[in-house]
Amino acid sequence: MRVTIEPKSINFHVSWKFLRTFNLKRSLRTGPSWAPIVQMVYKAHEALAPAKGEYNRLYTAWQNKLQSLGGDPSAQVLENFRPLRLSREEDWSDWLAWLLEKSETGVLAETLFGSVMDCDAASLKLPRVKREEPSEDQERRADLVVKWKSGKAADIEVKVGDRQFGKTLETAAKLKSQHHFILITEDLLPDWSDIESDHVREAHKGQINVILWSHVVRGLRRCLWEGRESLAWRAWAWTFCGAIEQKLLGLRRPVQQQSEVSQLQMTLAWLDVLRPSGGNHA
């Protein structure tokens, strides 16, 4: 059975009477409240207080400890730094290569490789470092190959923002180093995990050890705190440390952040870098 409704049978009656129920004063009284925002800001202040206190204490300690070099590396302004280039991955590799090769203590290398290689700092000092070392078949090149006097060797793939990991595992497989490392920023970890877990490369899984640029910073700061390297080495390490923190890790003084929440986030990031580790007794 079909029911047909003629247009004439529908009565559209529009009334504005509902407006009479509006009460402007009542609407204003029950409108949006700032109370949740005020509470959030209060909580941010509350959370920031102890972290900020610890940060200020550590920052002051670093400022005093590195006064001869100009204070804490974060005090540098490196936006227009040009004495050495920082525009390509090769530039960062060159800096790291020099610092590893000229280290008279081996502390930086121990921080980065010691646990994997089961070596102490003394056995990792003054190595021979080669840049762009080719594999035997000349098809791949390692960013860095480090050879220590003990006879142990390691190759390092240096990554600065480059998410193309396709050739990394293949390069490591073609090199004869006992140990393989890749140096990346923390934001690249998911991309690296995807490549490492690829079933096509399953045979290579576990061969390459991950180092983060934040680990390099901790190693440099440990060396700077101990002060056992030469003044020239420490001066370049101080500059390199500041460059990594500002340009790769995005660290800025918390006071430069706009909101309390941003300050708290930045303060917590700094505490991971400034807190004592190894020989650092700040």
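Worth pointing out:
- Evaluating Glu101 against the criteria (1) under 17 Å from Phe240 (Cβ atoms); (2) among the charged types (D, E, K, R); (3) buried (at least 20 other Cβ atoms within 10 Å of the Cβ) leaves one unmet condition, (3).
- Unique residue being touching a residue at least 12 places away in the same chain (Cβ under 8 Å) and in contact with a Leu (Cβ under 7 Å, 6 or more places away or on another chain) when the list is Asp155, Asp143: Asp155
- Residue within the range 23-31 that is surrounded by 13 or more Cβ atoms within 10 Å (Cβ to Cβ), of a type in the set (Ser, Thr, Tyr) and either modelled with pLDDT of 60 or more or part of a loop (DSSP other than H, G, I, E, B) (or both) present: no
- Candidates Trp98, Trp148: the one that is within 21 Å of Leu212 (Cα to Cα) and aromatic (Phe, Trp, Tyr) is Trp98.
- So Val145, is it within 19 Å of Trp236 (Cα to Cα) and not charged (D, E, K, R): no
- Between Thr168, Thr185, the distinction of being under 21 Å from the mean Cα position of the chain (by Cα) and modelled with pLDDT under 90 belongs to Thr168 only.
- Scanning the range 158-182 for residues being free of Cβ contacts under 8 Å to residues at least 40 places away in the same chain and among the basic types (Lys, Arg) gives a total of 3.
- Here is the figure for the range 159-175: residues that are among the β-branched types (Val, Ile, Thr) and closer than 13 Å to Ser135 by Cα total 2.
- A count restricted to the range 108-144 and to residues that are of a type in the set (A, V, I, L, M, F, W, C) and either closer than 23 Å to Val160 by Cβ or in contact with a His (Cβ under 7 Å, 6 or more places away or on another chain) (or both) stands at 9.
- Comparison of Gln207, Gln246 shows that the only residue that is in contact with a strand residue (DSSP E or B) (Cβ under 9 Å, 6 or more places away or on another chain) and modelled with pLDDT under 95 is Gln207.
- Filter result (within 13 Å of His45 (Cα to Cα) and not in a helix (DSSP H, G or I)) within the range 236-268: Ser259
- Criterion (over 23 Å from the mean Cα position of the chain (by Cα), surrounded by 14 or more Cβ atoms within 10 Å (Cβ to Cβ) and at pLDDT 90 or above) met by exactly one of Lys130, Lys159: Lys130
- Long-range neighbours under 8 Å by Cβ, at least six apart or interchain, first residue surrounded by 12 or more Cβ atoms within 10 Å (Cβ to Cβ) and outside any helix (DSSP H, G or I) within the range 183-199, second acidic (Asp, Glu) and at pLDDT 90 or above: Leu183/Glu157
The values are calculated or read from the model by the stated rules, or taken from the named source; none is laboratory data. Since we're looking at a predicted model, the values are computed, not measured. Positions of Cβ are generated from backbone atoms using ideal geometry, with glycine treated the same way; all protein chains shown enter the neighbour counts.
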